[in-house]
Amino acid sequence: MAKLVAVTACPTGIAHTFMAAEALRRVADLKGHELSVESHGAEGVRTPLDESVIAQADAVILATDITVDESRFQGRPLVRTSTAAAIRDTERIIDEAVARATLHRKTSEPATAPVTDTHRAGPESGTSRRPGPTEGLAPTEAPRRADAAVPTRTPPSSTPAGTLVAVTACPTGIAHTFMAAEALTRAARARGYAIRVETQGSVGAKNTLTSEEIAQADAVIIGADTHVSTERFSGKRLLQTSVGEALKQADRIVEQALALPGPASPSPAAPAPPTRAEPAGVYKHLLTGVSFMLPFVVAGGLLLALSFVFGIDAYKEPGTLPAALKGIGDAAFALMVPALAGYLAYSIADRPGLAPGFIGGMLANQLNAGFLGGIAAGFLAGYVTRTLRDRIRLPSNLEGLKPVLVLPLLSALIVGLLMTYVIGAPVAALMGALTRFLHGLSGTNAVFLGLLLGAMMAVDTGGPINKAAYAFGVGLLGSNTFTPMAAVMVAGMTPPLGIALATVVSKRRFTLQEREAGKAAAVLGLAFITEGAIPYAARDPLRVIPAMAFGSAIAGAVSMGFGCTLRAPHGGVFVLAIPNAVQPLGPYVLALVAGTLATTLALVVLKRPLPGAG
């Protein structure tokens with residue numbers, strides 16, 4: 001057992017500070033370690049660390065996003081990280097702190113009694129190679145691998161069995177990305193392997209893999225629902241799967257990656273074994289385009305909403321601030337479909353697909369084909385460009401012209417002509433019919449659509465069905481159809497909110513850990529992060545998933561029934577504070593409350609009280 005101390009702090013001091021503290025406490029307790037946490041919040045310092053506690057600490061964890069005083073921890077092993085990492089990768093951080101404490105003791109003891117210590121090492125460990133886990137490793141990796149060697153199944157050597165590298169990514173880059181990374185880390189360590197995971201989240205890539213780490217890796221795992229370039233992994237054993245599979249079946253994924261044949265042949269990519277899963281085709285390419293399109297939709301929708309603050313027709317006066325805001329919002333929306341098409345094509349054909357994809361997207365806009373036209377243009381540009389890239393052969397001295405002249409010219413010409421003369425008009429007619437149908441929905445039809453979209457948002461909490469409903473709502477924003485997006489967001493908020501409320505009103509149906517985690521689930525629900533419900537659904541899927549789908553369906557139906565509109569594709573309750581972003585506001589809040597209460601009620605009915613729960 002190790003004695004640890006930690007400090008958590010974030011700029012606002014509202015949520016991340018306390019969520020990180022709670023996560024660290026819970027994991028440390030589960031692993032049998034003592035942990036004292038000092039939290040820097042909006043109201044000052046909570047549970048400040050006493051000097052005697054610091055003096056007895058084996059290691060210090062600093063999970064901070066702002067500067068804190070480190071002078072009082074002089075001489076103690078430090079693990080520096082962010083509050084977000086402490087929430088998402090808690091187990092690794094605790095393990096690293098324990099490993100550094102162990103390493104610190106080993107390196108400091110010989111200084112006082114070198115002869116006695118070397119004699120003692122043999123009989124205690126049973127081998128003279130006990131300190132070996134850190135030999136020959138980079139300094140940043142030594143503590144982690146030393147720790148990973150401690151819980152092994154007593155093999156003769158304590159060095160890691162090998163090294164893995166992985167990349168995780170999902171369209172929104174908020175929850176699944178980091179949860180899959182944590183699952184793969186646990187699975188690899190359980191097999192005695194060291195692992196480095198690069199997460200491609202909403203704020204960019206974190207823990208970026210270096211060329212040295214890739215070169216030393218025994219295998220590469222890519223768990224992603226968006227496009228991840230594989231060029232840097234050339235010549236390595238590579239397993240590609242979805243982020244959902246990496247999260248739910250991490251042990252099997254690691255096993256499959258290690259079972260892949262080594263790159264013995266000159267062209268390792270040619271023999272594709274049965275276990276090597278290629279990217280999920282159409283679905284994966286589409287989600288890549290959606291993920292790059294989102295910032296344009298967010299900016300455009302909110303700026304248009306702000307332009308209406310000054311009056312519904314105020315933008316018609318040239319030179320005024322409302323006119324400028326509407327102009328900027330319209331510009332962002334005009335780029336929405338080209339971004340969707342361009343990055344969809346990029347997912348299929350890599351960089352050469354960008355230009356024809358954007359051109360096809362612009363043509364879809366001009367032809368009034370909307371997001372359906374953008375999807376068609378993106379797939380067309382991607383597959384045309386990839387075919388041309390693979391089929392066209394030029395002399396080696398002219399090969400440089402291929403990406404900058406030949407591919408852009410030919411692919412843009414083919415895509416442009418097909419969009420103009422073949423695809424554009426039928427897709428525009430289909431988009432017009434869909435828009436008219438949705439605008440004309442009322443009464444029972446609108447409620448039924450809300451029920452369907454709501455249930456889709458909750459049935460797999462961030463999986464393919466959830467993402468399909470979300471992409472449908474986002475895509476319609478560019479056609480000035482705002483009611484589906486409102487139903488989608490409110491339905492995505494209710495699962496974690498309903499579960500959080502259930503942990504309060506019906507404590508006997510949840511474990512202590514689940515009740516404590518309910519606070520974090522509530523925060524995630526308010527921020528429209530449906531994945532906050534995943535831990536509960538994973539533990540008891542037959543009862544929790546139906547309850548969530550029921551509550552989300554109610555929320556979506558109420559929202560569509562009242563004709564609520566939402567101009568932003570994300571933001572949760574925080575977007576409600578922006579004038580005109582949600583209309584009408586009262587019924588929309590009612591939909592949120594109704595869905596939350598319905599989820600809670602269903603959980604109370606379906607879940608049984610736990611034996612001995614108080």
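Before moving on, here are some points about what is shown:
- Hits in the stretch 367-404 - residues which are of a type in the set (S, T, N, Q), at negative phi and within 34 Å of the chain's Cα centre (by Cα): T385, T387
- Odd one out for H104 among (1) surrounded by fewer than 18 Cβ atoms within 10 Å (Cβ to Cβ); (2) touching a strand residue (DSSP E or B) at 6+ places or on another chain (Cβ under 6 Å): (2)
- Residue match in the stretch 339-347 (condition: closer than 30 Å to Y283 by Cβ and of a type in the set (F, W, Y)): yes
- Test: residue in the stretch 560-569 that is β-branched (V, I, T) and surrounded by fewer than 24 Cβ atoms within 10 Å (Cβ to Cβ): yes
- In the stretch 299-325, residue nearest to the chain's Cα centre (by Cα) [restricted to those that are of a type in the set (G, A, S) and open to solvent by 40 Å² or more (accessible area, probe 1.4 Å)]: A299
- Candidate set from the stretch 378-399 (those that are among the basic types (K, R) and surrounded by fewer than 16 Cβ atoms within 10 Å (Cβ to Cβ)); member that is modelled with the highest pLDDT: R391
- The residues of the stretch 50-81 that are of a type in the set (S, T, N, Q), open to solvent by 40 Å² or more (accessible area, probe 1.4 Å) and either within 25 Å of A15 (Cβ to Cβ) or in contact with a helix residue (DSSP H, G or I) (Cβ under 7 Å, 6 or more places away or on another chain) (or both) amount to a single one, T67.
- If you go through the stretch 11-29 and pick out every residue that is open to solvent by 10 Å² or more (accessible area, probe 1.4 Å), closer than 13 Å to A517 by Cα and at pLDDT 85 or above, you end up with 4.
- Selected residue [closer than 27 Å to F437 by Cα and open to solvent by 60 Å² or more (accessible area, probe 1.4 Å)] from L526, L585, L542, L592: L585
- Condition check for T8: open to solvent by 20 Å² or more (accessible area, probe 1.4 Å), among the hydroxyl-bearing types (S, T, Y) and within 26 Å of the chain's Cα centre (by Cα): no
- Qualifying position, being in a loop (DSSP other than H, G, I, E, B), over 14 Å from the mean Cα position of the chain (by Cα) and modelled with pLDDT under 65, among P143, P156: P156
- Counting only strands (runs of 3 or more DSSP E) that fall entirely inside the stretch 197-290 and contain at least 2 residues that are at pLDDT below 75, the qualifying elements are 204-206.
Each row is one residue, and each column tells you yes or no for (1) at pLDDT below 90; (2) open to solvent by less than 20 Å² (accessible area, probe 1.4 Å).
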position	(1), (2)
Y421	no, no
A446	yes, yes
A468	yes, no
G478	yes, no
G492	no, yes
G498	no, yes
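- Qualifying positions in the stretch 223-233 - among the hydrophobic types (A, V, I, L, M, F, W, C) and either open to solvent by 10 Å² or more (accessible area, probe 1.4 Å) or out of contact with any helix residue (DSSP H, G or I) (no Cβ under 8 Å at 6 or more places or on another chain) (or both): V228
- Members of the stretch 553-572 that are over 20 Å from A517 (Cβ atoms) and in a helix (DSSP H, G or I): A553, I554, A555, G556, A557, V558, S559, M560, G561
- Some residue of the stretch 349-367 being more than 28 Å from C564 (Cα to Cα), acidic (D, E) and open to solvent by 60 Å² or more (accessible area, probe 1.4 Å): no
The values are calculated or read from the model by the stated rules, or taken from the named source; none is laboratory data. None of the values given here were measured: they were computed from a predicted structure. Positions of Cβ are backbone-derived with ideal geometry, glycine not excepted, and every protein chain shown enters the neighbour counts. With ligands, DNA and RNA removed, areas are computed over all heavy atoms of the protein, side chains included. Shrake-Rupley method; radii C 1.70, N 1.55, O 1.52, S 1.80 Å.
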